[in-house]
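Input: a single structure, listed below in structure tokens.
The values are calculated or read from the model by the stated rules, or taken from the named source; none is laboratory data. Everything quoted here is computed from the prediction, not taken from an experiment. Every residue, glycine among them, receives a Cβ derived from its backbone with ideal geometry; neighbour counts consider all protein chains shown. Areas reflect the complete protein model, heavy atoms only, side chains present, ligands, DNA and RNA absent. Shrake-Rupley method; radii C 1.70, N 1.55, O 1.52, S 1.80 Å.
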Amino acid sequence: MTHTEPFLLNCDLNDSRQERADELEARLVKHAEDLRFMSRERSTKGPFGLLKHDMEKIHRRIDRLLGPKPVNTRSTGHLKRQEKDRLKNVVGGGEVRSFTSHHKIDEVVSQLFEEMPWMDEALEPLMNDLHRFHDREGRIGFRPMILVGPPGIGKSHLAARLAELTKLPNCVVDVGAATDGFRIAGMTRGWSSSEPGRPIETILDSRIINPIITVDEICKSGIIESTNGATTSVLHALLGLIEPMSARSWECPFYKLAFDMSRISWIMTANRLDTIPEPLRTRCRIVRLSGMSVDELMFAAHDIGCDRKLEESAIEPLRGLLASYPEGHHSLNLRTVTRLIEGLEAVQARPMVH
């Protein structure tokens, strides 16, 4: 179920006022050129050979003809035509996805628990938030959360499956690949590599303004300093987007326009908590996840094997191999299970030799 809510704030993409101003200026300049002689004081000349006070009078007259400017409306004269066209889909607002009922919420969470029972520590607060946001705001949403636990237990997969079951867009930003904040907030116009942030791009692509944004390995975030002393970090980019007050009127560095980003749901993943800055920890729900037991890994192995059409009898011998690892070993994770299943799959695919 969807409904429409504001997203792009105080903006006139048609630029009708600017177009009228340009037209009036051209006409008045031409008229002034016809009436006045060129000044010998070339240092005081403005455009088209007119004196500076001539141009000031022209602009004052343009302002009078156009009338008062619309209150709080931002100009879009700095945007290229293709950028304006991209924004036109959200001028009237964006789509907000919502559940049809509380029962649907329970169905989604039950499905997640059935697939990932070892994630129950995250699923219970998630379910409570989904019910609360459904009642209070009429949309799919939850508090920003940080899933802290060993690698390879399915933290990112939980976010992806939740987005899939709720039919919400899911954008993944991997902090482990780069610690700058440009991919989240975007880069200021003027640089050759300038571009909007991934959250804005996700919303513009889908026109859905309550997507799920996954920030992987937030524990590896750092601060990058340029040669001129400017700094950027994932932390700085995130704080303005997850804080409700600032997110409601967040200015995009690339578009230089204000957007309501407060409906985004954030899931951050981390292997450790102590390296995550306190300002971010205090604004998020911290969910501590433990490692997976052999039984839980075998549950996942049978699930993965079933998808790949492997016989259960072929998968069961993995139990002994997994049990040979000491408790808490770093290899007791879903990545190891997936690698072993792929090995079994390759063996099963070999041609039979007589």
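A compact table of results
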| item | result |
| --- | --- |
| Modelled FRET efficiency - R0 25 Å, Thr4 with Asp135, Cβ distances, 0.05 increments | 0.80 |
| Linear extension gain, Asp274 paired with Glu195, 0.36 nm per residue minus alpha-carbon span | 25.2 nm |
| Backbone HN-Hα couplings from phi across region 152-158 [Karplus 6.51/-1.76/1.60, Hz, Gly and Pro as x] | x, 9, x, 5, 5, 5, 4 |
| Label-point separation in nm, Asp174 to Glu23, each point 7 Å along Cα→Cβ | 5.2 |
| Within straight-line cross-link reach of Lys88, lysines at Cα separation under 25 Å, skipping those fewer than 8 residues along the same chain | Lys69, Lys80, Lys167, Lys256 |
| Arg60 paired with Ser324, simple spin-label distance in nm, labels 7 Å along Cα-to-beta-carbon | 9.1 |
| Residues Lys30 and Thr282, FRET efficiency given R0 of 45 Å [Cβ-Cβ distance, rounded to 0.05] | 0.15 |
| Trypsin sites (Lys or Arg not before Pro) restricted to DSSP loop in region 154-200 with at most 12 other C-beta within 10 Å | Lys167 |
| Restricting region 275-352 to GluC sites (Glu not before Pro) in coil, as DSSP defines it, with at most 15 other Cβ within 10 Å | Glu311, Glu327 |
| Accessible-area order (highest first, 1.4 angstrom probe) of the listed residues Ser221, Ser75 | Ser75, Ser221 |
